[in-house]
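Here is the structure we will look at, set down as structure tokens.
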Amino acid sequence: MGDIWVELVRGPIPVAQVREFVSGDPSLGGTVTFEGSTRAESDPQHGPLVRLDYEAYKSMARRQLEHLAHEAVDRFGAGKIAVVHRLGSVPVGEASVMIAVACGHRAEAFEACRWLIDRLKKDVPIWKKDVFEDGFVKWAEVRNVD
Amino acid sequence: MISVTVLFLGPAKDLTKVESVALDLRVGATVGDARRAIAERFPRLGEGLSKMRLALNQEFGVDTQVLRAGDELAVVPPVSGG
């Protein structure tokens with residue numbers, strides 16, 4: 001049927017707990033994890049990016065993440081799924097999101113993990129601001145890449 | 001009349017300068033009617049509003065859905081999570 005854990009956290013993503021959640025079932029032979037982190041970037045005018053500040057429509061974000069995880073169970077036959085998104089400030093190099101999917105075989109696990117992060121970036125009500133070294137802050141541009 | 005709560009999230013809140021308002025609508029009003037009423041009351045949302053989705057009680061809605069008293073309607077600008 002599929003075990004699901006979704007969570008919005010403040011502070012670092014509990015990586016060990018996420019791995020632990022999707023482990024332990026010997027029938028699930030393929031596990032894929034994805035971590036998305038704040039990438040070092042630089043603006044010609046404002047200098048290096050120092051962090052991203054995330055905020056969410058929390059009640060709906062949780063609900064949407066649950067819908068997506070359930071749909072991934074149905075679509076890909078995933079056995080266990082964990083999706084954790086961090087809110088608040090995420091400095092360069094630290095993870096803002098982690099997804100772990102355990103399936104019977106690797107192909108579905110890769111597919112499900114990719115599908116989950118793509119849908120999260122499209123449909124889960126979370127927004128981020130870019131914060132630069134000189135103090136300049138702006139809402140992140142919405143892109144359909146990376 | 002019915003009253004619904006409208007939430008402005010993320011970048012939308014910067015344009016309206018408020019996080020939420022009570023919006024009075026006629027009985028039988030739809031999500032689409034609410035969108036028009038929001039556009040009138042908050043012209044600063046402007047054309048951007050057409051790119052923003054409306055969520056009814058924490059689910060993405062369609063403009064034909066009929067609203068009920070006490071509903072929570074959220075203005076959801078394009079998201080940038082992950």
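Nothing in this text is a laboratory measurement; each read-out follows from the coordinates by a stated rule. Small disclaimer: the values here were computed from a predicted structure and weren't measured. Positions of Cβ are generated from backbone atoms using ideal geometry, with glycine treated the same way; all protein chains shown enter the neighbour counts.
Step through the table entries A:58/B:17; A:58/A:121; A:138/B:13; A:138/B:17, compare each Cα-Cα distance with 18 Å, and write down the pairs that go over it. From A:58/B:17; A:58/A:121; A:138/B:13; A:138/B:17, over 18 Å: A:58/B:17.
Just so you know, the averaged projected area of the alpha carbon convex hull for region A:13-146 sits at 8.2 nm². Taking only the C-alpha atoms of the protein assembly as shown, Rg followed by Dmax gives 19.3, 58 Å. Between the Cα long axis of helix B:31-41 and the first principal axis of chain B there is an angle of about 60°, rounded to the nearest 10. Packing around the peptides B:25-36, A:63-74, taken as the average count of other Cβ atoms within 10 Å per residue, puts them in this order, highest first: A:63-74, B:25-36. Tally the DSSP beta bridges in chain B and give the antiparallel ones as a percent, rounded to 5. Beta bridges within chain B, antiparallel portion: roughly 75 percent.
How many partner chain Cβ atoms sit within 10 Å of a residue's Cβ in peptide A:125-132, on average, as a whole number?
Other-chain Cβ atoms within 10 Å of each residue's Cβ, averaged: 5.
For chain A, the relative contact order is 36 percent, taking Cα pairs closer than 8 Å that sit 6 or more residues apart in sequence and dividing their mean separation by the residue count. Of interest is the spacing of the C-alpha centroids, which for region A:70-146 and region B:4-24 amounts to 26 Å.
Among the DSSP helices (H) of chain A, none spans at least 24 angstrom by Cα along its long axis with an average Kyte-Doolittle hydropathy of 1.6 or more; this is a geometric and hydropathy rule only. Taken residue by residue and averaged, Cβ atoms of other chains lying within 10 Å of the Cβ of A:52-65 number 4. Considering only A:134, A:53, A:118, the mean-square fluctuation computed in a Gaussian network model of chain A, springs between alpha carbons under 10 angstrom, is largest for A:134. Based on the Cβ-Cβ distance of residue A:110 and residue A:58, what FRET efficiency does E = 1/(1 + (r/R0)^6) give at R0 = 30 Å, to the nearest 0.05? Step by step, r from the Cβ atoms, then E = 0.55.
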